[in-house]
Amino acid sequence: MNTPPFAQLSWSEDGQPFSTRFDDVYFSRESGLAETRHVFLQHNDLSRRWRALPPGTRFCIGETGFGTGLNFLCAWQLWDELAPADARLHFVSCEKYPLRREDLQRALALWTELTPWADQLLAQYSDLAPGWQHFNLADGRVTLTLLIGDVLDTLPQLDARVDAWFLDGFAPARNPDMWQPALYAQLARLSAPSATLATFTSVGEVRRGLQAVGFEMRKVKGYGRKREMLCGTLAGAGAGAADWSAPWLARPESPAGERSALIVGAGLAGCATALALARRGWQVTLIERHDRAAAEASGNTQGILYCKLSAHQTPLSRYVQASYAFGLRLLHQILPQGQDSWQACGVLQLCTDDRERQRQLALAEQGYPESFLCAVDADQASTLAGVAVNRPGLFFPGAGWVHPPSLCRAMLQHGNIRLLTHSEAMSLQHRDGEWQALDEKGGSLARASVAVICSANDSQRFAQTAELPLKPIRGQVTQLPATSSSKTLKTVLCAEGYISPARHDEHHVGASFRFDRLDTEPSSEENHSNLQLIGQLSPELAGHLQLETLDADRLPARSALRCTSPDYLPLIGPVVDAQAFRERYAELAKDASRQPTAPAPWYPGLYINAGHGSRGMISCPLSGELIAAWLNDEPLPLPADVVAAVHPTRFMLRRLIRGR
Ligand SMILES: Cc1cc2nc3c(=O)[nH]c(=O)nc-3n(C[C@H](O)[C@H](O)[C@H](O)COP(=O)(O)OP(=O)(O)OC[C@H]3O[C@@H](n4cnc5c(N)ncnc54)[C@H](O)[C@@H]3O)c2cc1C
Ligand SMILES: C[S@@+](CC[C@H](N)C(=O)[O-])C[C@H]1O[C@@H](n2cnc3c(N)ncnc32)[C@H](O)[C@@H]1O
């Protein structure tokens with residue numbers, strides 16, 4: 001198996017980490033803390049800039065080399081001291097070799113004055129899997145996005161507007177691969193006007209490289225015994241990598257005026273969107289036709305955190321992985337574990353055939369930390385499960401089951417969210433710079449500067465999103481009484497279906513897929529087919545449950561509709577006027593290689609978050625953060641190709657290109 005690409009460290013007698021891979025120190029031996037403050041904070045002029053920040057604004061720092069997180073924590077500490085209470089700090093940092101959690105903890109123990117901030121980071125930091133890792137800290141006042149991978153691969157995928165750069169990353173002589181013109185071009189591309197930059201090095205090649213892309217550079221006194229270091233400011237627009245970028249993937253302008261949002265639909269997607277916006281100071285009205293949140297697809301009793309990944313690292317797989325990791329952090333943050341709420345009991349994905357086993361083994365070879373996933377044989381799987389299973393599989397120790405209504409309720413606890421129940425939106429209207437949700441009599445249910453449609457299949461009822469190709473698929477989950485021996489089941493078992501450990505003396509087994517029915521009346525056929533799944537998962541468990549004594553026709557069950565898209569990816573992002581889109585980019589129907597530049601015909605401030613299929617428990621949490629990042633001009637928490645893969649305009653574009 002490939003070893004996860006973690007930092008390789010040795011520790012000095014006074015407890016300082018040293019990179020054996022790069023043969024270099026993480027920070028100055030004299031005082032890392034003082035060095036960080038001198039080099040990165042002072043020479044980006046952060047104290048002055050943050051004191052002068054207008055209320056409610058955002059500030060973005062970009063960093064090469066997260067390392068121990070010392071720079072991040074020092075910046076966060078200063079931010080707490082100086083920035084307005086409602087301003088938000090976004091810290092994006094690239095890291096090719098993240099520290100293991102225990103190493104990070106050991107390194108950060110050096111700085112007792114940073115303990116209050118370090119503890120918050122450590123509460124969410126685990127051995128990181130590859131990919132992008134998004135952290136929401138201090139109730140949204142600070143976000144951290146770690147781009148795990150080589151900076152030369154990850155930065156080109158970033159969509160951000162950086163105000164200050166911390167150019168760290170070991171000495172150029174020790175790490176020449178990183179200090180490249182391609183890196184400097186990305187720094188210029190991603191910089192806000194007049195962005196600043198500071199670095200500990202004073203190497204001439206670095207200075208000239210940064211000048212070549214538009215930074216005005218100065219040599220100043222370095223920290224401690226270092227004679228010199230560099231700092232600079234971007235002059236003009238910079239001369240960074242300025243590739244053509246599809247206008248339908250560009251950021252729509254955020255609506256001016258008050259930060260209010262109406263969201264239609266209080267399932268997992270709507271609640272995640274509401275929380276992400278509320279944490280950023282938006283006043284949110286969530287409109288729901290039922291008497292409570294989570295009454296449709298999100299209303300199951302035990303939803304499974306089933307993180308199905310592809311060894312080919314497809315956009316779907318990378319989206320799922322990033323959202324799964326963020327979702328686990330969110331769960332630990334806002335929902336205490338318990339029989340009512342959720343349990344990180346682990347999920348065993350048992351293989352169904354040889355091909356599936358090959359897929360699983362290929363995945364396990366990809367350098368994931370064991371705390372994220374590991375391959376297990378049938379014996380190991382049986383020990384983990386507490387019942388005999390006769391197949392090998394993949395084990396996800398951090399996953400488990402969730403009671404989605406509890407998660408939705410927890411997400412709605414935020415004081416900026418108002419849930420409007422018994423309210424069905426029949427249409428959405430944009431008038432005088434505001435969105436209004438109208439009921440069947442044309443009365444206004446709510447108005448706000450931004451609207452987000454989170455109505456699953458019913459999203460098609462709104463004229464603005466009627467053309468999006470959403471498709472319902474019915475499913476049913478069956479409830480089974482636990483027996484004293486079935487309670488030995490310790491983890492969730494998944495293969496063609498799933499069964500969860502007992503919650504309040506009941507297991508849940510599911511889920512059927514039916515294309516021929518769109519009602520939500522439970523059926524006995526689906527109970528029968530669900531029960532058959534158990535024998536495939538574990539014959540021993542099927543015996544424990546005494547299935548032969550149960551009357552499948554009478555077992556309690558719940559049916560609901562999933563909402564899927566043709567490519568099984570969700571639809572998350574801004575909405576264009578479909579007719580205007582076709583007209584504006586008609587040239588693509590004749591020649592798909594054209595690169596039009598006309599701005600996309602956005603509906604001002606209209607977004608959609610739907611199509612989470614059979615994995616909403618996993619895919620909803622990050623969807624809210626993505627919408628909030630679009631709306632707040634924040635760094636997007638996902639690579640550009642993944643953002644494009646979930647972008648709602650993809651279907652219109654495909655149709656246009658295919659000439660339909
Ligand atoms: C049987 C079954 C089993 C599943 N098991 C799992 C699982 O184990 N793991 C997993 O990850 N996922 C699972 N899923 C998928 C998961 O439940 C969904 O992906 C997720 O719940 C979708 O959330 P949502 O918010 O998009 O949709 P929904 O939960 O359907 O929410 C949409 C909300 O919008 C409201 N609404 C719609 N139109 C309007 C309107 N016009 N006005 C007001 N309100 C409106 C609806 O009432 C509803 O509350 C399962 C789904 C089903 C059906
Ligand atoms: C000196 S340390 C950074 C110290 C860090 N800023 C801190 O606060 O602890 C340099 C970091 O850059 C990372 N790094 C080196 N080359 C890289 C590359 N090409 N892409 C991404 N990260 C890289 C290293 O793994 C290391 O963690």
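The values are calculated or read from the model by the stated rules, or taken from the named source; none is laboratory data. Everything quoted here is computed from the prediction, not taken from an experiment. Reconstructed Cβ throughout: ideal geometry from the backbone, glycine too, with neighbour counts over all protein chains shown.
If you scan the stretch 26-52, which residues turn out to be surrounded by fewer than 18 Cβ atoms within 10 Å (Cβ to Cβ), outside any helix (DSSP H, G or I) and in contact (Cβ under 8 Å) with a residue 24 or more places away in the chain?
Selection gives 30, 31, 45.
If you scan the stretch 438-490, which residues turn out to be in contact with a strand residue (DSSP E or B) (Cβ under 6 Å, 6 or more places away or on another chain) and in a helix (DSSP H, G or I)?
Hits for the stretch 438-490 are 456, 457, 459, 464, 465.
Could you say which residue among 427, 406, 423, 382 is more than 30 Å from the chain's Cα centre (by Cα) and hydroxyl-bearing (Ser, Thr, Tyr)?
Details: 427 fails: more than 30 Å from the chain's Cα centre (by Cα); 406 fails: more than 30 Å from the chain's Cα centre (by Cα); 423 fails: more than 30 Å from the chain's Cα centre (by Cα).
Sole residue among the options that is more than 30 Å from the chain's Cα centre (by Cα) and hydroxyl-bearing (Ser, Thr, Tyr): 382.
Using beta carbons and a limit of 7 Å, which pairs, at least six apart or on different chains, have the first residue in the stretch 392-404 and touching a residue at least 12 places away in the same chain (Cβ under 8 Å) and assigned to a strand (DSSP E or B) and the second one surrounded by fewer than 24 Cβ atoms within 10 Å (Cβ to Cβ) and among the small types (Gly, Ala, Ser)?
Going by the 7 Å Cβ cut-off, the qualifying pairs are 394/364; 394/375; 395/346; 396/346.
Just to be sure I understand, how many residues within the stretch 587-597 are in contact (Cβ under 8 Å) with a residue 40 or more places away in the chain and either in contact with a Leu (Cβ under 9 Å, 6 or more places away or on another chain) or part of a helix (DSSP H, G or I) (or both)? I'd like the intermediate steps shown before the answer.
Going through the stretch 587-597, the residues in contact (Cβ under 8 Å) with a residue 40 or more places away in the chain turn out to be 588-589, 592, 595-597.
Add one more test, that the residue is either in contact with a Leu (Cβ under 9 Å, 6 or more places away or on another chain) or part of a helix (DSSP H, G or I) (or both), and what stays is 588-589, 592, 596.
Matching residues across the stretch 587-597 total 4.
Taking the stretch 344-395 as the region of interest, how many residues are over 24 Å from residue 543 (Cβ atoms) and out of contact with any Cys (no Cβ under 6 Å at 6 or more places or on another chain)? Spell out how you get there, then give the answer.
Keep residues of the stretch 344-395 that are over 24 Å from residue 543 (Cβ atoms), which gives 344, 354-375, 394.
Those still in the list that are out of contact with any Cys (no Cβ under 6 Å at 6 or more places or on another chain) too: 344, 354-356, 358-359, 361-375, 394.
Final tally of qualifying residues: 22.
Of the conditions (1) modelled with pLDDT of 95 or more; (2) within 16 Å of ligand 2 (Cβ to nearest atom); (3) not aliphatic (A, V, I, L, M), residue 367 clears all except one; give me its number.
Of everything listed in (1) modelled with pLDDT of 95 or more; (2) within 16 Å of ligand 2 (Cβ to nearest atom); (3) not aliphatic (A, V, I, L, M), residue 367 misses just condition (1).
Is there a residue in the stretch 556-565 that is within 20 Å of residue 316 (Cα to Cα) and of a type in the set (D, E, K, R)?
yes
Report, ordered by the first and then the second residue, all pairs with beta carbons closer than 7 Å, sequence separation of six or more or different chains, a first member in the stretch 419-432 that is within 22 Å of residue 275 (Cβ to Cβ), and a second member that is of a type in the set (Phe, Trp, Tyr).
Close Cβ pairs (under 7 Å, with a partner that is of a type in the set (Phe, Trp, Tyr)) amount to 428/435; 428/462.
Name the residues in the stretch 301-338 that are assigned to a loop (DSSP other than H, G, I, E, B) and not polar (S, T, N, Q), would you?
Here is the first cut: in the stretch 301-338, the residues assigned to a loop (DSSP other than H, G, I, E, B) are 301-302, 305-314, 335-337.
If the condition is that a residue be assigned to a loop (DSSP other than H, G, I, E, B) and not polar (S, T, N, Q), then 305, 306, 307, 308, 309, 311, 312, 335, 336 are the ones that fit.
Run residue 298 past the list (1) in a helix (DSSP H, G or I); (2) more than 7 Å from ligand 1 (Cβ to nearest atom); (3) within 18 Å of residue 474 (Cβ to Cβ) and report the number of the one that doesn't hold.
(2)
Any residue at all in the stretch 96-116 that is closer than 20 Å to residue 635 by Cα, away from ligand 1 (no atom under 16 Å from the Cβ), at pLDDT 95 or above and within 17 Å of the chain's Cα centre (by Cα)?
No, every residue in the stretch 96-116 fails to be closer than 20 Å to residue 635 by Cα, away from ligand 1 (no atom under 16 Å from the Cβ), at pLDDT 95 or above and within 17 Å of the chain's Cα centre (by Cα).
Just checking, does the stretch 416-428 include any residue being out of contact with any Pro (no Cβ under 6 Å at 6 or more places or on another chain), modelled with pLDDT of 95 or more, of a type in the set (S, T, N, Q) and outside any loop (DSSP other than H, G, I, E, B)? Before the answer, list the steps.
Residues of the stretch 416-428 out of contact with any Pro (no Cβ under 6 Å at 6 or more places or on another chain): 416-428.
If we keep only those that are modelled with pLDDT of 95 or more as well, we get 416-428.
The next check asks that each one be of a type in the set (S, T, N, Q); those that pass are 416, 421, 423, 427.
Narrowing further to those that are outside any loop (DSSP other than H, G, I, E, B): 427.
There is at least one residue in the stretch 416-428 that is out of contact with any Pro (no Cβ under 6 Å at 6 or more places or on another chain), modelled with pLDDT of 95 or more, of a type in the set (S, T, N, Q) and outside any loop (DSSP other than H, G, I, E, B).
Is it the case that some residue within the stretch 453-469 is crowded, with 20+ Cβ neighbours inside 10 Å, closer than 22 Å to residue 553 by Cα and at pLDDT 95 or above?
No, there is no match, as no residue in the stretch 453-469 is crowded, with 20+ Cβ neighbours inside 10 Å, closer than 22 Å to residue 553 by Cα and at pLDDT 95 or above.
Based on what the data block shows, is residue 521 more than 30 Å from residue 426 (Cβ to Cβ) and acidic (Asp, Glu)? Spell out the reasoning first.
Numbers: more than 30 Å from residue 426 (Cβ to Cβ): no; acidic (Asp, Glu): yes.
In short, no.
What residue, among those in the stretch 598-622 that are of a type in the set (A, V, I, L, M) and in a loop (DSSP other than H, G, I, E, B), is nearest to residue 250 (Cα to Cα)?
If we filter the stretch 598-622 for residues that are of a type in the set (A, V, I, L, M), which is where we start, we get 598, 600, 606, 608, 610, 617-618, 622.
When the remaining residues are screened for being in a loop (DSSP other than H, G, I, E, B), the result is 598, 600.
Numbers: 598: 11, 600: 8 Å.
Restricting to residues being of a type in the set (A, V, I, L, M) and in a loop (DSSP other than H, G, I, E, B), the top hit is 600.
Among the residues of the stretch 607-660, what is the count of those that are among the aromatic types (Phe, Trp, Tyr) and surrounded by fewer than 23 Cβ atoms within 10 Å (Cβ to Cβ)? Don't jump to the end; show me each part of the working.
Start the filter on the stretch 607-660 by keeping residues that are among the aromatic types (Phe, Trp, Tyr), which leaves 607, 630, 651.
Cutting the leftovers down to surrounded by fewer than 23 Cβ atoms within 10 Å (Cβ to Cβ) gives us 630, 651.
Residues meeting the conditions: 2.
Scan the stretch 28-40 and tell me whether some residue there is away from ligand 2 (no atom under 11 Å from the Cβ), modelled with pLDDT under 95 and among the basic types (Lys, Arg).
yes
What residue, among those in the stretch 151-194 that are among the hydrophobic types (A, V, I, L, M, F, W, C) and assigned to a strand (DSSP E or B), is farthest from ligand 1 (Cβ to nearest atom)? Break it down stepwise before answering.
Going residue by residue through the stretch 151-194, those that are among the hydrophobic types (A, V, I, L, M, F, W, C) are 151-152, 155, 158, 160, 162, 164-167, 170-171, 173, 178-179, 182-183, 185, 187-188, 190, 192.
Within this subset, residues satisfying the condition of being assigned to a strand (DSSP E or B) are 162, 164-167, 192.
Working: 162: 32, 164: 37, 165: 38, 166: 37, 167: 40, 192: 34 Å.
Residue satisfying both the conditions and the ranking: 167.
Under 7 Å between Cβ atoms, at least 6 apart or on separate chains: pull out the pairs that start in the stretch 313-328 with a residue that is hydrophobic (A, V, I, L, M, F, W, C) and end on any residue that is part of a helix (DSSP H, G or I) and surrounded by 24 or more Cβ atoms within 10 Å (Cβ to Cβ).
The qualifying pairs are 320/618; 320/619; 322/622; 326/621; 326/622; 326/625.
For the stretch 141-171, which positions are within 7 Å of ligand 2 (Cβ to nearest atom) and in contact with a helix residue (DSSP H, G or I) (Cβ under 8 Å, 6 or more places away or on another chain)?
151, 152, 166, 168, 169
List the number of the failed condition for residue 107; all other conditions in (1) under 23 Å from residue 179 (Cβ atoms); (2) out of contact with any Leu (no Cβ under 6 Å at 6 or more places or on another chain) hold.
With respect to (1) under 23 Å from residue 179 (Cβ atoms); (2) out of contact with any Leu (no Cβ under 6 Å at 6 or more places or on another chain), residue 107 is out only on (1).
Within the stretch 76-95, take every residue that is part of a helix (DSSP H, G or I) and among the hydrophobic types (A, V, I, L, M, F, W, C) and give me the one that is nearest to the chain's Cα centre (by Cα).
Initial filter on the stretch 76-95 (part of a helix (DSSP H, G or I)): 76-82.
Subset that is among the hydrophobic types (A, V, I, L, M, F, W, C): 76, 78-79, 82.
Working: 76: 21, 78: 26, 79: 24, 82: 29 Å.
It comes out as 76.
Mind checking which residues of the stretch 271-295 are in a loop (DSSP other than H, G, I, E, B) and either more than 14 Å from ligand 1 (Cβ to nearest atom) or surrounded by fewer than 24 Cβ atoms within 10 Å (Cβ to Cβ) (or both)? Write out each step before concluding.
The first filter runs over the stretch 271-295 and keeps only residues in a loop (DSSP other than H, G, I, E, B), leaving 280-282, 288-295.
The answer is 280, 281, 282, 289, 290, 291, 292, 295.
Test residue 601 against the criterion of being touching a residue at least 12 places away in the same chain (Cβ under 8 Å), more than 16 Å from ligand 2 (Cβ to nearest atom), buried (at least 20 other Cβ atoms within 10 Å of the Cβ) and within 32 Å of the chain's Cα centre (by Cα), and give yes or no. Reasoning before the result, please.
Numbers: touching a residue at least 12 places away in the same chain (Cβ under 8 Å): yes; more than 16 Å from ligand 2 (Cβ to nearest atom): yes; buried (at least 20 other Cβ atoms within 10 Å of the Cβ): no; within 32 Å of the chain's Cα centre (by Cα): yes.
The answer is no for residue 601.
Would you mention how many residues in the stretch 553-586 are assigned to a strand (DSSP E or B) and away from ligand 1 (no atom under 11 Å from the Cβ)? Show your work before the answer.
Residues of the stretch 553-586 that are assigned to a strand (DSSP E or B), as a first pass: 557-564, 571-576.
Remaining after also requiring away from ligand 1 (no atom under 11 Å from the Cβ): 573-576.
The qualifying residues number 4.
For residues that are within 15 Å of residue 121 (Cα to Cα), in contact with a helix residue (DSSP H, G or I) (Cβ under 6 Å, 6 or more places away or on another chain) and not polar (S, T, N, Q), scanning just the stretch 70-96, find the one that is farthest from ligand 2 (Cβ to nearest atom).
Restricting to residues being within 15 Å of residue 121 (Cα to Cα), in contact with a helix residue (DSSP H, G or I) (Cβ under 6 Å, 6 or more places away or on another chain) and not polar (S, T, N, Q), the top hit is 89.
Residue check: is residue 408 outside any helix (DSSP H, G or I), within 15 Å of ligand 1 (Cβ to nearest atom) and either surrounded by fewer than 22 Cβ atoms within 10 Å (Cβ to Cβ) or modelled with pLDDT of 95 or more (or both)? So that I can check it myself, show each step before the final result.
On the way: outside any helix (DSSP H, G or I): no; within 15 Å of ligand 1 (Cβ to nearest atom): yes; either surrounded by fewer than 22 Cβ atoms within 10 Å (Cβ to Cβ) or modelled with pLDDT of 95 or more (or both): yes.
Against the criterion (outside any helix (DSSP H, G or I), within 15 Å of ligand 1 (Cβ to nearest atom) and either surrounded by fewer than 22 Cβ atoms within 10 Å (Cβ to Cβ) or modelled with pLDDT of 95 or more (or both)), residue 408 does not qualify.
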